[in-house]
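Trainee: Have a look at this one before I ask anything.
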C-alpha cells in the first residue's frame, strides 16, 4: 500500500471530525443554545439538547475514532486485513459522531429554531453516515503480493506461527455499548458534574477494554507465547518458552469458560473472541492459556517450542 494511498485514507478518517468543526464554525451564529435532538412518530420535535454539549460529544467521538484509524493506516507494520478492519470500525464510530452533530444541528440551523426543525429526508443522511466505515474500507486494497508473502496468516511453529484474530461478537457489543453510553450521557446531562464525570470514567474504561479485545495478535515461536491487543498494541499475556508445555489445537464453546472475553479459571486463562476452534498451550506449573482462532487460521503443524514432536 503506497504512502500516498495511506495518507489519503488517513485524511478520510479525520474528515468526520473536520466536518463537525467546520460546520460548527459556520453555523454557530444561526444556532441557539439548544438544538433539536428527538422527534416523535409524526416528526415533531419532542426533545432538545444543549448545542455545546452535543458538539463536544460528537467531536470527541469522531476525533478519537479518526485518530485511531489514521495512526493504524499510516503505519507500515499492520497487515492489509488489519487496516481494513480498523478503518471499518473506526469509520462506523466516526460516522456516529458525525450523525450526532450534523443531523440535529443541520435541521435546527435550516429551520431557524430547535422547535421548528423537521426530520424529513435527513433520515437518509443519518443512515448514510453510519456506513462511513464501509467507504473507508475501500481505501485499502484487498491484496498486495509483497505483504501477503511477508505476513501469511498461518505459519508452522518451526518458523514461528502468528495470527491476528478479530471478534465480531465483541464488535457488536462495543457498538451497542457506544449507543447506550451516549444515550446515558444525554439522560444524565442535568446531573451534578461529579456524576457525569463518574459516568464518563466508567464508559472510558469499559470502552478501552472492549476495544482492546476487538482484535488480538497471537504468536508462538522459540521465545514462547505472546498475546497482545491488535488495536491498542499492549500485551495481554506472555509466557516464556521455558514455562510452556504442549501446544495443541482444540475446540471449545464459549459457555465452557463462562462466555466471551478474557476468562480465568484456576491457573488457566482463555481468550474467547472468535469461534470454537482454539490453540491451547499447557503450562509446566499447571493450567493452560487458550485462544480461540478461526479455523482457516489454525496452524497446520503445531509443535511445542524447542521440541521435535507435536500433537
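Trainee: Sort 95-105, 14-24, 276-286 for me by packing, meaning the mean count of neighbouring Cβ atoms within 10 Å per residue, highest on top. Kindly include the intermediate steps, with their values, before the conclusion.
Mentor: Details: 95-105: 25.2, 14-24: 18.7, 276-286: 16.5.
By packing density, highest mean first, the sequence is 95-105, 14-24, 276-286.
Trainee: Treat region 215-297 as a sphere of radius equal to its Kirkwood radius over Cα pairs and apply Stokes-Einstein at 25 °C in a medium of 0.890 mPa s; give the translational diffusion coefficient in µm²/s, rounded to a whole number.
Mentor: Numbers: Rh = 12.8 Å.
Calculated translational D: 192 µm²/s.
Trainee: Given a Förster distance of 30 angstrom, what is the FRET efficiency for residue 38 paired with residue 232, based on the Cβ-Cβ distance and rounded to 0.05? Please report the intermediate quantities before stating the final value.
Mentor: Values: r = 34 Å, r/R0 = 1.14.
Efficiency computed from Cβ-Cβ geometry: 0.30.
Trainee: Among 289-297, 209-217, what's the highest-first ranking by average C-beta atoms within 10 angstrom per residue? Don't jump to the answer; show the numbers that get you there.
Mentor: Numbers: 289-297: 19.1, 209-217: 21.0.
The packing order, highest mean first, is 209-217, 289-297.
Trainee: Separate question: Using a cut-off of under 20 Å, list every residue of region 86-104 whose amide N is near the label point 7 Å from the Cα of residue 185 along the Cα-to-beta-carbon line.
Mentor: 89-104
Trainee: How big is the Kirkwood radius of region 1-113, worked out from every pair of different alpha carbons and given in Å to one decimal? Numbers along the way, then the final one.
Mentor: Details: mean 1/r = 0.0666 Å⁻¹.
Kirkwood radius, region 1-113: 15.0 Å.
The numbers here are math on the coordinates, done by the rules we state, and not lab data. Computed from a predicted model, the values in this text were never measured in an experiment. Virtual Cβ from ideal backbone geometry, glycine too; neighbours counted across all protein chains shown.
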